[in-house]
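> Please read through the structure below; I'll follow up with questions.
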Amino acid sequence: QGASDAVKAMRKTGRKKIAYVDSLSSREVLSTDYRYQGYLESVEDKVVISGASSQEELEIKVRDAYRKEHFDGILARTDTVALYAIKALKDIGVSVPSDVSVIGFNNSKMCEYTSPTLSSVRIRQDLIAENVLLLLTKLKEGSENIVISIELETELILRQSTIC
């Protein structure tokens, strides 16, 4: 839902071609990734940037993809990846958010201290930890056939990287 909400927010500001930037990894993006699935369900014209195992490689891929595709939005798998993408765009004279809106994931503290400040999807990590502790407690007690199904809500935090 977080990815879908992020794409909708960018569409409301007039963005039409939104790229997905995956985490640093030499592999291609995983089709089982919920963030990626939300992106795929929300866009028609897909631009996927993946397979970068370093910051430098990711920046090159972002610049090359921008030159080829001229996307006007980025949904990044993490806040850190979003900041690498912003740096890559700035290096070639692309303005965030005037030319390209950017939204990351995790709402890390650094989002408030970047320029522009970074929009991000907040994931309830406190609830994840709470449920992991519940599962560990049940395992320690010797419970069998433990099934925990958790659906965590996300919250889109809009900052300067998206709002023109």
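Read-outs: derived from the displayed coordinates by stated rules, not from any lab. These numbers come from a predicted model, not from an experiment. Cβ coordinates were reconstructed from backbone atoms using ideal geometry, including for glycine residues, and neighbour counts include every protein chain displayed.
> Evaluate the charge dipole of the range 71-164 about its Cα centre and quote only its size in Debye, nearest 20, assuming +1 on the Cβ of each Lys and Arg and -1 on the Cβ of each Asp and Glu.
Working: 9 positive and 12 negative charges, 51 e Å.
Using Cβ point charges on Lys, Arg, Asp and Glu, the range 71-164 gives about 240 debye.
> Now for a different question. Under a point spin-label approximation (7 Å from Cα along Cα-to-Cβ), what is the His70-Ile150 distance to one decimal in nm?
With each label placed 7 Å out from Cα toward Cβ, I get 4.5 nm.
> A follow-up question, please. Zone of Leu135 (label point 7 Å along Cα→Cβ, backbone N under 20 Å): which residues in the range 22-43?
30-37
> Pick out, from Ala65, Leu75, Ser149, the residue whose Cα sits farthest towards the positive end of the charge dipole of the chain, with +1 on the Cβ of Lys and Arg and -1 on the Cβ of Asp and Glu.
Ala65
> Positive end of the dipole of the chain, charges at C-beta (+1 Lys, Arg; -1 Asp, Glu), about the Cα centre: which of Gly104, Leu89, Leu30 has its Cα farthest in that direction?
It is Leu89, whose Cα lies furthest towards the positive end.
> Next up: Can you return the lysines within cross-link range of Lys12? Criterion is Cα-Cα under 27 Å, with same-chain partners fewer than 8 residues away left out.
Lys46, Lys61, Lys68, Lys87, Lys90, Lys109
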